[in-house]
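Here's the structure we're looking at; comments come further down.
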Amino acid sequence: MTGNSKESFELTVSKIKSIAKQNGIEITNKEIADKLNIPIEEFNAYYEKDSASPELFSLLYSSYKDLLKGISYHKIWHITEYDDPLDPDDIPPLDPEEAE
């Protein structure tokens, strides 16, 4: 089994908005894009592909450090590989004499 993790732009933005909302503040994607000094179209592209450059993440965290408090948000997934059950090399013989 192999695993992987990547910093999640969509999850980080959602967390910023969620924490702000708990504090009675509404933050829009446009406001976040403006704070990052990028066009909303570029923001939407990062959000849709759930990825951004390390520099943009750094700016995002420094812009909202009061809400994120040094926590980074990652999506983690695991890939499990199984042997092919129909691979003749992996099928044990029915008769022990066939193994010779």
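The values are calculated or read from the model by the stated rules, or taken from the named source; none is laboratory data. From a predicted model like this one, the values you see are computed outputs, not experimental measurements. Glycine also receives a Cβ, built like all others from the backbone with ideal geometry; neighbour counts cover every protein chain displayed. Only protein heavy atoms, including side chains, enter the accessible area calculation; ligands, DNA and RNA are left aside. Shrake-Rupley method; radii C 1.70, N 1.55, O 1.52, S 1.80 Å.
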- Members of the stretch 56-83 found to be open to solvent by 80 Å² or more (accessible area, probe 1.4 Å), in a loop (DSSP other than H, G, I, E, B) and either at pLDDT 90 or above or at negative phi (or both), listed by number: I71, E81, Y82, D83
- Query: Can you spot a residue in the stretch 47-55 that is surrounded by 14 or more Cβ atoms within 10 Å (Cβ to Cβ), part of a helix (DSSP H, G or I) and not aliphatic (A, V, I, L, M)?
  - Reply: yes
- How about the stretch 10-46: which of its residues are surrounded by 14 or more Cβ atoms within 10 Å (Cβ to Cβ), modelled with pLDDT under 95 and either part of a loop (DSSP other than H, G, I, E, B) or touching a strand residue (DSSP E or B) at 6+ places or on another chain (Cβ under 8 Å) (or both)? L11
